[in-house]
Structure formats: structure tokens, C-alpha cells
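Here is the structure we will look at, set down as C-alpha cells.
The values are calculated or read from the model by the stated rules, or taken from the named source; none is laboratory data. Computed from a predicted model, the values in this text were never measured in an experiment. In this analysis, Cβ positions are derived from the backbone assuming ideal geometry, glycine residues included, and neighbour counts consider all displayed protein chains.
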Amino acid sequence: MSEVKKLEKILKTLANNRRLAIIYYLKKRKNAKVGDIANAINLSFTSTSKHLMRLFNADILEKEQKNLEMWYKLAPDQNKIVDFIISNSRE
């Protein structure tokens, strides 16, 4: 995938207030399971899972299964744009 296509994918993924809320929440918490994220951003478990998968597919998040629960955290090596957004968040 070209750099332009990667950037387009990242920007489209970030252009959603729920996904930005997830990023800000994970910045504070470091890692969290789907249900906790859903409760924190006042969204259903199913919708939250779909947003988390979009963020994961754009390499913004990492995931790890612990028992029956999926845990997410911010990926350590971010695109510069994602890193800028995360480091300048005020929520």
C-alpha cells in the first residue's frame, strides 16, 4: 500500500468523534477491554467493537485477547499525524 493510501485510511478512520473518544480514553487508561470502553463513551458494545476494529485495521490500536475478553491499547509506533493528535488531546 502506498504512503498516500495509508494516510488516507488513517485520516478516514480518525474522522469520527466516537473513534476519537476511544483514542482519548485509551490515552488516559493505557489499555481497556471493550465493555469498559463502551461504557466510558456511552455506546453499545457492538458499535464500540466495530469502531475498535476500524482503529485496529488502521494500525492505530493493538489488541490482545485475555480469557474471553478483548483488550485494546494504543499502538506504540504511530503515524506522525496520529501521534500528534494523541499527544495534543485535552480530554
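Determine which single condition residue 84 fails, assuming it passes every other condition in (1) part of a helix (DSSP H, G or I); (2) surrounded by 14 or more Cβ atoms within 10 Å (Cβ to Cβ).
(2)
Looking at region 73-91, I want the residues that are within 25 Å of residue 49 (Cβ to Cβ) and at pLDDT 80 or above and have a partner that is among the small types (Gly, Ala, Ser) and outside any loop (DSSP other than H, G, I, E, B) with Cβ atoms under 9 Å, at least 6 apart or on another chain. Which pairs are those?
73/32
Considering only residues that are under 30 Å from residue 4 (Cα atoms), in contact (Cβ under 8 Å) with a residue 40 or more places away in the chain and surrounded by 18 or more Cβ atoms within 10 Å (Cβ to Cβ), look in region 26-59 and name the one that is nearest to the chain's Cα centre (by Cα).
My answer is 55.
Please go through region 26-82 and pick out each residue that is closer than 22 Å to residue 12 by Cα and of a type in the set (Asp, Glu).
Those that are closer than 22 Å to residue 12 by Cα and of a type in the set (Asp, Glu): 59, 62, 77.
When you look at residue 11, is it at negative phi and part of a loop (DSSP other than H, G, I, E, B), yes or no? Before the answer, list the steps.
Details: at negative phi: yes; part of a loop (DSSP other than H, G, I, E, B): no.
No: the conditions fail for residue 11.
Does residue 23 count as touching a helix residue (DSSP H, G or I) at 6+ places or on another chain (Cβ under 7 Å) and at pLDDT below 90? Outline the logic, then answer.
Working: touching a helix residue (DSSP H, G or I) at 6+ places or on another chain (Cβ under 7 Å): yes; at pLDDT below 90: no.
No, not satisfied.
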